[in-house]
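For reference, the structure discussed in these notes is given below.
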Amino acid sequence: MIDIQLTGLVKEFEVGKRILDGFSLQIDQGERVGLLGRNGAGKTTIFRMMTGQVDPDEGTVAIAPGKGLGLISQIPVYPEGYTVRDVLDTAFAPLHAMEAELAGLAAKMADGDDPQVMTRYDKLTAAFEAGGGYDTETRLNKVCNGLGIGQEMRSRPFDALSGGEKTRINLARLILEDTDILLLDEPTNHLDLNATEWLEGYLERFKGTVLAISHDRWFLDKVVKRVAEIQDGRAELYSGNYSFYVEEKERRYQERLKQYEKEQAKIAQLEAAAEQMRLWAFKGNDKQYKRAINMERRIERMRTTDRPTKERKMATRFGEREFHGDEAMVVTDLSKSFGERTLFDHINLEVAGGERIALLGDNGTGKSTFIKLIMGEETADSGSIYLGPSIRIGYLPQIIHFDHPGRNLVDTMLYAQDCSTQEARDRLAAFKFRGEDVFKVVSALSGGEQSRLRLCMLMDSRINLLILDEPTNHLDIDSREWIEEAVEEYGGNLLFVSHDRYFIEKFATRVWMLENGRITDFHGTYSEYRAFRERQEQLKNAKAPAGCSDPGALSKSKEDKPHRAGGTKELEKQVRAAERAVEKAEIRLDELAQAAEDAASDYLKLQDVYKEREAAEDELAHLYAEWERLAAELEEAKGM
């Protein structure tokens, strides 16, 4: 069944400048599709067409009848005074309406036995139960815990939240609504790593259709199974995830280039033949003249093929200063609090020359504060940070600030750098600021453009400690890739904060995980760190009895409550059996996910894998429910 049908979409906001020029895309029920394209290519415009905010100049948008459509970037306006909890509760508006009607029907039934009222009450009760009316609180808590929306945030006024926080709340609301079709516009931009991984897990289990715009390449690899890239206003399709798209795009480029070069060689051959025929025609051979004319017409038809092009790579690299000494940085007994809230306490770390460190942690744990302490922008409560005498820092903060935002780009470069006007324009051109763009005032730039400008200025500095705080925020995939090229060639120390797992995996050789006021110092790559954490979790779960994630909590409950030995052994056996069944089903799903990746370029095989995977997902959902039921019965039996 087709969920989304976009046909021949055309849109121009300026006369003669078409953003979309015949864009067509079909998405079937249950598909996960990534919508890619450079900034300004028309991705968000397509989403707005689908939600009715923007009308196409030509073409049609068709959504399957009866399917609910949810757009994450579209934040509704709520009544004044609404708290976050009030906003989340709007997801259950149909259930609340049923609940109110049920209360009214119950009151009528108390006054007398009206068969119609009783029939309506029974039907509505069944619908309320089927819609999850009795477990809304459980669902809400699961989603909020996964996305890091704590009880304190739920009580805050929605209007007082930042744009990123509002986006996160809106994402939670849409998930709770259980929408049929999800339109995700940069869903991971305001999520930390844990929340992003939770969202990926949710989408893995989600039965509906997903169309996602994202610059998060790791997310695209995990979630999408097909890619639609906007090229010159049209859709170019790729039957696989992001990694498949990258390889296939390069293969298609090389194929087109080869075809173009063949055509050019053929044109040169025909041109030589036409020239020879004209020479013969000059000697009085009219027949050869006609043949020459026909051949030249054929050549003109062949000239319509343009040479394939790729985005030009930027010839940029950080200036480097040689490092001398044994230690680049030493952190000793470092502590920092804000009021009664302790960010970190008694931190001790040493950094040698050439290390590349990722500073990770949930939002609000103090990563940016730690960076500001290194930069001297904040003062520690206790302890110290020592930097080697030869260390020179290059710093890209998360929030870019310019002392003179009213200056244009050229003047900003001239005042900040020792260079001529031509050198300033050349350097700006290397960072995609060309033509009239260089005369824009800094305050008119987008967040991503300001990051680019700051990096452009940073490239001239001779440094040996590069500190980046969320360097890929606001950047499209092309811009992320050229920053990575510059970082890849840089040989000095690197310390960076990032939620971009693709970037982390590429550069980190050491991980600092900041959580619960401590830093876990892991020497290894991000993948190795993840494997280490998974092993830790498995060991923890192996030690904990079934149905309890906190052994201490269970021990306490055993002390506080008399335990009845008889009657629970059989239940314990059933719970363990259910756990094993769930584990096997999860392993099978992982195998099918790998099988889907392996079959990405074989459409027929991929469809078979999808069908098997859907059946496996249904089975796992049933096993989860059975496991939870048995675990609940066991806990109840133990509590008696």
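The values are calculated or read from the model by the stated rules, or taken from the named source; none is laboratory data. Nothing here was measured: the structure is a model prediction, and the numbers come from that model. We place every Cβ from the backbone using ideal geometry, glycine too, and count neighbours over all the protein chains shown. Heads up: the accessible areas ignore ligands, DNA and RNA and are worked out on the full protein's heavy atoms, side chains in. Shrake-Rupley method; radii C 1.70, N 1.55, O 1.52, S 1.80 Å.
Considering only Gly361, Ala593, Ile169, the residue lying farthest towards the positive end of the dipole of the chain is Ala593, judged by Cα position with unit charges set on Cβ. Summary of the geometry: the stretch 11-42 and the stretch 189-204, compared by the centres of their Cα atoms, lie 25 Å apart. Taking 0.36 nm per residue of separation and subtracting the current Cα-Cα distance, fully stretching the chain between Glu322 and Glu296 would add 3.2 nm.
Mean residue ellipticity at 222 nm from the helices of the chain, using -39,500 (n - 2.57) per DSSP H segment of n ≥ 4 over the full residue count, to the nearest 500 deg cm²/dmol? Walk me through the numbers on the way to the answer.
Numbers: 21 runs with 311 residues, N = 640.
So the helix-based figure for the chain works out to -16000 deg cm²/dmol.
On the stretch 375-510, 45 percent of the accessible area sits on carbon and sulfur atoms, based on a 1.4 Å probe. Over the chain, the ratio between the Cα radius of gyration and 2.2 N^0.38 Å evaluates to 1.19. Considering only protein heavy atoms and a probe of 1.4 Å, how much of the accessible area of the stretch 13-115 is carbon and sulfur, as a whole percent? The C+S portion of the solvent-accessible surface of the stretch 13-115 is 50 percent.
With r defined as the distance between the Cβ atoms of Leu124 and Met153 and R0 fixed at 25 Å, what FRET efficiency is calculated, to the nearest 0.05?
0.15
Here the peptides 515-528, 159-172 are ranked by packing, the mean other Cβ count within 10 Å, and the order with the highest first is 159-172, 515-528.
When the Cα convex hull of the stretch 106-256 is projected onto planes of every orientation, the mean area is 13.8 nm².
FRET efficiency for Ser382 and Asn408, Cβ-Cβ distance as r, R0 = 41 Å, nearest 0.05? Mind showing how you got there, number by number?
Numbers: r = 45 Å, r/R0 = 1.10.
FRET efficiency, Ser382 to Asn408: 0.35.
What number comes out for the charge environment of Thr209, summing +1 per Lys or Arg and -1 per Asp or Glu over other residues with Cβ under 11 Å away? The answer is -1.
Accessible area per residue for the stretch 1-136, computed on protein heavy atoms with a 1.4 Å probe, is 54 Å².
How much of the DSSP bridge set in the chain is antiparallel, in percent, rounded to the nearest 5? Close to 55 percent. Take the Cα of Gln5, step 7 Å toward its Cβ, do the same at Arg341, and the gap between the two points is 5.1 nm. Centre-to-centre separation between the Cα atoms of the stretch 141-170 and those of the stretch 230-309: 56 Å.
Leaving ligands, DNA and RNA out of it, report the carbon-plus-sulfur percent of the accessible area of the stretch 166-240 at a 1.4 Å probe. Using a 1.4 Å probe with all protein chains present, the stretch 166-240 comes out at 41 percent carbon and sulfur.
As a rough guide to protection, the peptides 49-56, 223-230, 575-582 ranked by mean Cβ packing within 10 Å, highest first, stand as 223-230, 575-582, 49-56.
Taking Cα pairs under 8 Å and at least six residues apart, what relative contact order does the chain come out at, in percent? That works out to 12 percent.
Between Gln422 and Glu255, the FRET efficiency from the beta-carbon distance, with R0 = 56 Å, is close to 0.90.
Ranked highest first by the average count of other Cβ atoms within 10 Å around their residues, in what order do 341-348, 261-268, 463-470 fall? Let's see the in-between values first.
Values: 341-348: 16.6, 261-268: 12.6, 463-470: 22.2.
Peptide ranking by packing, descending: 463-470, 341-348, 261-268.
Counting Lys +1, Arg +1, Asp -1, Glu -1, what net charge surrounds Phe402 among other residues with beta carbon under 15 Å of its beta carbon? Mind showing how you got there, number by number?
On the way: positive: Arg407, Lys440, Arg452, Arg454; negative: Asp403, Asp411, Glu449.
Its environment carries a net charge of +1.
For the chain, the dipole from Cβ point charges (+1 on Lys and Arg, -1 on Asp and Glu) about the Cα centre works out to 2200 debye, to the nearest 20.
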